[in-house]
1. Scan the stretch 160-194 for residues that are farther than 19 Å from Ser148 by Cβ, at pLDDT below 80, of a type in the set (Val, Ile, Thr) and within 20 Å of the chain's Cα centre (by Cα) and jot them down.
2. May I ask you to list pairs of residues, at least six apart or on different chains, whose Cβ atoms are under 6 Å apart, with the first in the stretch 151-166 being within 19 Å of Leu97 (Cα to Cα) and open to solvent by less than 40 Å² (accessible area, probe 1.4 Å) and the second being part of a loop (DSSP other than H, G, I, E, B) and aliphatic (A, V, I, L, M)?
Amino acid sequence: TWTMEPTFQDDFTSDNWVTEESSVLNIDTTNNYLNFIANGSITAKDVISKDLTSVDTEFIARFSVDFTTVTNSGGTGTKVFIGLSNQAAYSTSMNYLGFKIRAQASTADDMGTRAAENADWSSGGTDQLHTTAPSVAKYYVQIKRTTSDATLTLYSDSDYSTIVGSALTFSYTVSGLRYFIVSTSQNTSASSKIIGKLADFKFYNGVTTINWVKNLY
């Protein structure tokens, strides 16, 4: 029998998760989902975060992003960011690497990876993998952190074998990208909305590759 090596955590029920605004970001402990709503009628930038201090420097985080986009009359400014950061709360001078979605008109027209140092994730940074609409119903995201850098890659399948887009490499210090965050950025002029959820969440600590282990029984 072959099994995956043990995970550090594979749910959203830990007390280490901190939510700023439960109506925008909340954990469904019954179904083990992390739900997010980015609504243009809300002005604050809300964040849910997990402090990775207790996780080894080398780790792999895997999760799925299953979302739909809903708009009224279009607009810009409604965004969601999912990834690593050096700060638990929103700041205009963050270090980060993650996956950004922006809703505009009738599609999520600005999706892909984003990375930067000392920059506002909602308006700055280096982007890659822009697309006009989701190419699959669900993205499977992998964030790998080593002793020298962090990399994010998008996949279209649950076994993480078909790459949708490779991410940027982001150099960091050990005390740098310490938080896993989901952050929404709103603009009162925007009428678009993003509704989604994270699931299939797993942290593998102390590794940079995922290995299968054979159980002799």
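The values are calculated or read from the model by the stated rules, or taken from the named source; none is laboratory data. Bear in mind that the values here come from a model prediction, so they are computed numbers and not experimental data. Note that each Cβ is placed from the backbone with ideal geometry, even for glycine, and that neighbours are counted across all protein chains shown. We work out accessible area using only protein heavy atoms, side chains counted, and drop any ligands, DNA or RNA first. Shrake-Rupley method; radii C 1.70, N 1.55, O 1.52, S 1.80 Å.
1. Those that are farther than 19 Å from Ser148 by Cβ, at pLDDT below 80, of a type in the set (Val, Ile, Thr) and within 20 Å of the chain's Cα centre (by Cα): Val164, Ile194.
2. Gly165/Leu129
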